[in-house]
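The values are calculated or read from the model by the stated rules, or taken from the named source; none is laboratory data. Small disclaimer: the values here were computed from a predicted structure and weren't measured. For neighbour counting, all protein chains shown are included, and Cβ atoms are generated from backbone atoms with ideal geometry for every residue, glycine included.
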Amino acid sequence: MLFQELISKRQSVRKYQEKTVEKEKIQQLIEAVHLAPSACNSQPWKLIIVNNPELKDKVAKATFSKTVSFNKFVTEAPVLAIFVFEKAKLTARIGGSIKNQEYPQYDIGIAAAHFCLQATELGLSTCMLGWFNQKKIQQLLKIPKKRKVALVITLGYEPDAYKQRKKIRKPLDEICGFNSY
């Protein structure tokens, strides 16, 4: 698949088949994350793959509540990928402090993009989530209290009837300038 086709095809999917994701494909996703670049090669993340059905359901339920129910679809996904912030290398931390930048946030964004694009190429679908119960997920996955969950990504096969949506984007001149703002 050409890159332009890949990025056009990738979309956030909120409905999944009851179909197991093959271990070989999960391994390819892990390798895609492993190859992601990061500031000073810090790789400031830990990726936790949750594919045990009982544990996955508990983690999925930590992404919504009675009052905030828009993530209920997460229970349908057969796999969840959890990105946890890890400490960056000293050089990246010093550089980030001097420049007032949070490099690990960028780095995890890049790693998550690698994950999602690799999933698309493998015929899988994803959805990145930023809304979840931090403490509950930390507890369920035995994540140290000094660490923070950055993202939860759903993973699975979309139903055959799921439609590719038209991407609605701002006009190019609103998102890009040449030689000035």
Could you list, in sequence order, the residues of region 43-91 that are aliphatic (A, V, I, L, M) and modelled with pLDDT under 95? VAL68, ALA88, LEU90
Does LEU172 meet the test of being at pLDDT 95 or above, of a type in the set (A, V, I, L, M, F, W, C) and under 22 Å from GLN27 (Cβ atoms)? no
Quick test for you: out of THR63, THR67, pick the one residue that is closer than 21 Å to CYS127 by Cβ and surrounded by 13 or more Cβ atoms within 10 Å (Cβ to Cβ). THR63
For THR63, state whether it is among the polar types (S, T, N, Q) and within 30 Å of LYS166 (Cα to Cα). yes
Could you pull out the residue among ILE110, ILE82 that is of a type in the set (Val, Ile, Thr), surrounded by fewer than 20 Cβ atoms within 10 Å (Cβ to Cβ) and at negative phi? ILE110
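Considering region 81-133 alone, what residues qualify as being assigned to a loop (DSSP other than H, G, I, E, B), touching a Gly at 6+ places or on another chain (Cβ under 9 Å) and under 16 Å from ALA36 (Cα atoms)?
Answer for region 81-133, where residues must be assigned to a loop (DSSP other than H, G, I, E, B), touching a Gly at 6+ places or on another chain (Cβ under 9 Å) and under 16 Å from ALA36 (Cα atoms): just ALA88.
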Name every residue in region 149-173 that is assigned to a loop (DSSP other than H, G, I, E, B) and among the aliphatic types (A, V, I, L, M), in order of residue number. ALA161, ILE168
All but one of (1) more than 19 Å from ALA81 (Cβ to Cβ); (2) modelled with pLDDT of 95 or more hold for LEU29; which doesn't? (1)
Residues of region 134-152 that turn out to be within 12 Å of LYS58 (Cα to Cα) and either touching a helix residue (DSSP H, G or I) at 6+ places or on another chain (Cβ under 9 Å) or exposed (fewer than 12 other Cβ atoms within 10 Å of the Cβ) (or both), as a count: 4
Answer residue from region 11-46, given it is small (Gly, Ala, Ser) and in contact with an Asp or Glu (Cβ under 8 Å, 6 or more places away or on another chain) and is surrounded by the fewest Cβ atoms within 10 Å (Cβ to Cβ) among those: ALA36
Test result for ILE48, under 16 Å from the mean Cα position of the chain (by Cα) and not in a helix (DSSP H, G or I): yes
Criterion violated by LYS146 - all others in (1) more than 19 Å from VAL50 (Cβ to Cβ); (2) in contact with a Pro (Cβ under 8 Å, 6 or more places away or on another chain) satisfied: (2)
With respect to the numbered conditions (1) surrounded by 12 or more Cβ atoms within 10 Å (Cβ to Cβ); (2) over 22 Å from GLN17 (Cα atoms); (3) in contact (Cβ under 8 Å) with a residue 60 or more places away in the chain, which one is the sole condition not fulfilled by GLY95? (3)
